[in-house]
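Peer 1: This is the structure I want to talk about, given as structure tokens.
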Amino acid sequence: MPGENNSHLSAQQPDGAESNRIEALNNQPESLSSLLELSDEALLARVVQRDVAAFTVLYDRYARPVYVVAAYMLGRAEAEEAIQELFLRLWRKAEQFDPSRGSFNTWFMAISRHHLRDQLRRRSHQQRLVAAEQIDQVLIEVVDPTVDVEQEVWHRQRGAALLNALRSLPDEQRRAIVLAYFGGFSQTTIAERLGWPLGTVKKRVRLGLQKLRALLGQPGATSETPSEPVPPVERREAHEL
Amino acid sequence: MSCEQIRELIEAYALGALDAPDQALVETHLAECPACRQLLNEYAEMVNALPQAVALASPLQPPAALKDQLLQSLEPAPFRQAPVRQAQGRLRQAQEAPQDTAPPTVATAAPAPGTFQQTLPPPKSAWWRTRPLAVAAAILLIVVLLGWSVQLSAALARERALRAEFANLVDQQEIVLEVIDSNQTIRRVLLPPEKGSSNAYGKLFTRADLPHVVAMAARLLQPPAGHAYQLWVTSADQTRLAGVMNVNEQGFGLLVFDADRDGPVYDSAQITLQPLGSTTPAGSPILAWKLSDE
């Protein structure tokens with residue numbers, strides 16, 4: 001996000017119930033489900049303490065979206081480099097996250113976005129346009145993703161509602177959003193590149209995001225909250241019973 | 001600018017699509033307006049989930065080796081040399097203290113006999129004085145790195161084990177969903193043989209076109225040590241152990257197994273609580289279903 005300043009972020013330590021929960025988890029043999037049920041923020045608190053297992057869970061949650069977007073924007077080789085760099089930075093600077101300023105998701109994805117945008121600036125407008133159009137195409141194609149469910153469970157929660165909402169937007173509005181976010185274009189550049197009047201671009205960006213927000217119900221709630229545990233398979237089947 | 005004017009721009013700002021002058025205007029306003037900051041945070045949360053939506057729709061995957069490479073390149077917490085540095089700093093201060101009263105050139109100029117160098121240990125002996133600290137620091141560093149190496153190896157091993165565990169879970173999950181969530185699914189309800197004796201219940205799911213069978217039970221009590229809930233299925237007067245049902249803390253049990261053919265047909269099924277290793281069902285079942293009762 002423009003102007004987002006992470007330099008002042010301070011060390012984060014969970015408190016209250018979350019702290020007790022982590023304490024309890026530290027005192028018992030680690031299990032997959034116990035880690036998976038921790039929120040991003042609780043995992044990050046463990047990463048600050050150099051917990052590699054917690055780091056791997058965060059990697060599993062976030063590597064794929066970052067990689068996928070980077071692969072479209074920069075190509076696969078550079079996407080791999082970006083992943084390495086971003087996650088190493090996360091490992092080294094985990095203590096800079098400040099939960100009072102927002103969720104881990106917003107923080108880390110904003111850092112990723114800035115990093116990818118920096119890389120993207122070396123590309124021509126044409127290359128960026130093609131990359132963004134490719135992403136737009138991916139968004140409207142109905143693909144049943146056969147992905148690693150380890151990541152899938154998490155991303156389904158976070159992304160499915162947004163994906164559906166994006167698909168329900170008018171094409172031009174979605175395209176304007178995609179070009180701005182993934183192409184790194186300003187509204188003025190979008191207008192120039194696509195030959196749309198600037199006022200039209202502004203309107204499409206604005207209406208598009210407003211509709212997404214409305215479609216997602218609770219403003220900003222694109223998913224269950226991060227602290228919501230990932231439902232293990234048993235719970236879903238329990239509902240089935 | 002007023003909040004109303006800013007809110008005309010805030011969506012584009014969240015997307016990073018404003019030109020520099022407008023961006024500056026928004027940032028100035030945001031610095032002073034908590035309500036607009038809150039609205040921006042809401043948009044930011046949504047906008048920053050866009051990659052997750054793309055990832056869901058895309059078949060692309062990061063290479064599996066990338067994670068291992070990354071884990072191998074993690075370093076331990078920065079080695080804290082502060083105490084050593086401070087000690088060395090104090091030594092240097094002690095060495096340099098006389099310079100405070102001497103001209104700056106004294107240090108590099110040939111010292112006058114009986115002044116600067118006479119009041120300080122010679123450089124060599126200063127080095128010898130600091131060397132034990134340096135050696136201790138080096139040993140400490142080696143110990144830290146060795147410890148880290150062990151921790152990382154353990155973490156990698158744990159990571160592999162977790163992956164294996166998850167892969168198993170995932171495999172099961174796919175089968176479970178495939179079997180239970182289909183219009184070809186046949187469901188059998190397992191209930192306590194004596195009405196009211198327990199509030200546990202279960203279901204057995206089969207499909208005519210698949211060999212996979214899913215059994216679930218809920219509200220089961222935790223089995224005593226050495227005992228387990230076991231599912232027995234009977235067809236053509238042959239009863240066999242389908243498997244042991246692991247029960248979680250909430251009393252929910254799940255068992256997925258393969259029949260010897262597609263579309264298995266059972267005459268009855270029962271869940272018993274008996275010692276592990278049993279070869280035949282014994283005692284009164286906890287839950288049971290019989291085709292003849294339907």
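Laboratory data are not the source of any read-out in this text; all were calculated from the coordinates shown. Since the model is a prediction, treat every value here as computed from it, not as a measurement. Cβ sites come from the backbone with ideal geometry, for glycine too, and all protein chains shown count toward neighbours.
Peer 1: Rounded to whole Hz and in sequence order, give me ³J(HN,Hα) for the range A:167-178 from the Karplus expression 6.51 cos²θ - 1.76 cosθ + 1.60, θ = phi - 60°, writing x for Gly and Pro.
Peer 2: Residue by residue, the range A:167-178 yields 5, 8, 6, x, 3, 5, 5, 4, 5, 4, 5, 5 Hz.
Peer 1: Something else about it: Quick one: order B:M46, B:M1 by neighbouring beta-carbon count within 10 Å, fewest to most.
Peer 2: Values: B:M46 24, B:M1 15.
Fewest-to-most ranking of B:M46, B:M1: B:M1, B:M46.
Peer 1: More than 23 Å apart: what percent of Cα pairs in the range B:185-293 qualify?
Peer 2: Percentage above 23 Å: 20.
Peer 1: Exposure proxy check: A:D171, B:D68, B:D237 ranked by fewest other beta carbons within 10 Å?
Peer 2: B:D237, A:D171, B:D68
Peer 1: Neighbouring Cβ atoms within 10 Å as the yardstick, rank A:W107, A:W196 fewest first.
Peer 2: Exposure proxy ranking, most exposed first: A:W196, A:W107.
Peer 1: Can you work out the base-10 log of I(q)/I(0) for the range B:251-294 at q = 0.13, 0.24 1/Å, using the Debye formula on its C-alpha atoms alone?
Peer 2: Each listed q corresponds, in turn, to -0.39, -1.16.
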